[in-house]
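> After the structure tokens below, expect a handful of questions from me.
The values are calculated or read from the model by the stated rules, or taken from the named source; none is laboratory data. This one's a predicted model, so the numbers in the text were calculated from it and none came from an experiment. Note that we place each Cβ from the backbone using ideal geometry, even for glycine, and neighbour counts take in every protein chain shown. Areas reflect the complete protein model, heavy atoms only, side chains present, ligands, DNA and RNA absent. Shrake-Rupley method; radii C 1.70, N 1.55, O 1.52, S 1.80 Å.
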Amino acid sequence: MTVRIAVLASGRGSNLQALIDHFASLGDTTPAQIVLVASNREKAPALDRARAAGITASVFDASDDGSALIGLLRGHEVDLVVLAGYMKRIPAEVIQAYPGQIVNVHPGLLPDFGGAGMYGARVHDAVIARGATDTGVTVHLVDEELDHGPMIAQWKIPVFPGETAQSLAERVLAIEHIVYPRAVEMIAALRERKIFANF
Ligand code: GRF
């Protein structure tokens with residue numbers, strides 16, 4: 001049975017686009033399909049990307065205890081929730097309703113440079129400020145702690161001497177677009193074959 005994915009996104013949705021393109025490229029061999037894109041922001045460009053791909057795009061109220069999101073996910077019989085630039089904390093109720101079934105991508109090497117306030121350009125600024133020699137991309141399952149939970153994949157890259165936060169942001173994002181869809185595909189393939197691995 002094909003795994004039913006919901007992608008949650010709050011912003012531009014470049015990772016969403018990479019996911020859409022990747023799963024479309026798999027054709028009949030895909031273990032998963034994106035059945036829903038949902039956002040807490042009505043004007044999120046990610047919603048336009050979903051509509052352009054013929055995927056249901058929904059806006060939900062993220063200010064409650066998670067009931068609105070759980071209702072939406074259940075309504076679409078979602079098996080796997082993929083966060084792609086979703087800027088709100090996932091309520092504990094949602095995590096308990098979908099244990100081990102929520103995945104996130106972080107533009108840094110967790111557990112470093114993660115947690116409250118560590119998102120977007122701030123991650124790359126902090127990497128440069130600390131003089132770190134490596135950075136990268138982390139894909140992990142979501143638990144109740146921010147930027148925490150079992151790690152699925154990590155891709156490390158060097159920080160070059162004289163590199164800026166901006167150049168780092170571009171390189172890291174390009175890697176996210178390659179790594180994240182493939183990591184999600186692997187999670188979906190395990191789930192589709194009912195192989196127990198993390199969930
Ligand atoms: C990405 O860098 C991702 O790692 C982080 O938020 C950013 C989202 O970018 N969680 P986009 O909306 O996918 O373009």
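> Heavy atoms only, probe 1.4 Å: what % of the accessible area of the chain goes to carbon and sulfur, would you let me know?
Looking at the chain in its full context, I get 53 percent from C and S.
> Just the number please: accessible area per residue for segment 1-110, 1.4 Å probe, all protein chains included, in Å².
Ligands and nucleic acids excluded, the figure is 43 Å² per residue.
> Next question. Under 14 Å from a point placed 7 Å out from the Cα of GLN33 along the Cα-to-Cβ direction: which residues of segment 41-59 have their backbone N that close?
54-56
> Let me ask something else. With label points built 7 Å along Cα→Cβ from the Cα atoms of PHE160 and ARG182, find their separation and express it in nm.
2.2 nm
> Something else: Counting pairs of alpha carbon atoms under 8 Å apart in space and at least six apart in sequence, what relative contact order in percent does segment 138-193 give?
Contact order relative to length: 27 percent.
> Got a sec? Charge dipole of the chain, +1 on Cβ for Lys and Arg, -1 for Asp and Glu; which of GLN154, VAL37, LEU83 is way out at the positive end?
VAL37
> Evaluated at 37 °C with a viscosity of 0.692 mPa s, what Stokes-Einstein diffusion coefficient in µm²/s does segment 3-192 have when Rh comes from the Kirkwood expression over alpha-carbon pairs?
196 µm²/s
> Let me ask you something else. So how much slack lies between SER63 and ARG193, counting 0.36 nm per residue of separation and subtracting their Cα-Cα distance, in nm?
43.2 nm
> Hey, another quick one. How high is the relative contact order of the chain? Use alpha-carbon pairs under 8 Å, at least six apart in sequence, and give a whole percent.
It comes to 22 percent, rounded to a whole number.
> Related question: Any idea what the dipole of the chain comes to, in debye rounded to 20, about its Cα centre with Lys/Arg Cβ at +1 and Asp/Glu Cβ at -1?
The dipole of the chain has a size of about 300 debye.
> Arrange the peptides 19-32, 99-112 so that the one whose residues have, on average, the most other Cβ atoms within 10 Å appears first.
99-112, 19-32
> Could you name the lysines in cross-link range of LYS88, using Cα to Cα under 21 Å and dropping any fewer than eight places away on the same chain?
LYS43
> Nearest-5 percent of antiparallel DSSP beta bridges in the chain?
40 percent
> If I fit a long axis through the Cα atoms of helix 165-192 and take the longest principal axis of the Cα atoms of the chain, what angle between them do I get, 0 to 90°, rounded to 10?
30 degrees
> Quick one: grab the alpha carbon gyration tensor of segment 92-199, order the square roots of its eigenvalues as a ≥ b ≥ c, and give me rounded if a/c is under 1.5, else prolate or oblate depending on whether a/b is larger than b/c.
Judged from the Cα gyration tensor, segment 92-199 comes out prolate (a/c at least 1.5, a/b above b/c).
> Where does the chain land at 222 nm, in deg cm²/dmol rounded to the nearest 500, when only DSSP H runs of n ≥ 4 count, each adding -39500 (n - 2.57), divided by all residues?
Details: 6 runs with 73 residues, N = 199.
Helix contribution divided over all residues of the chain: -11500 deg cm²/dmol.
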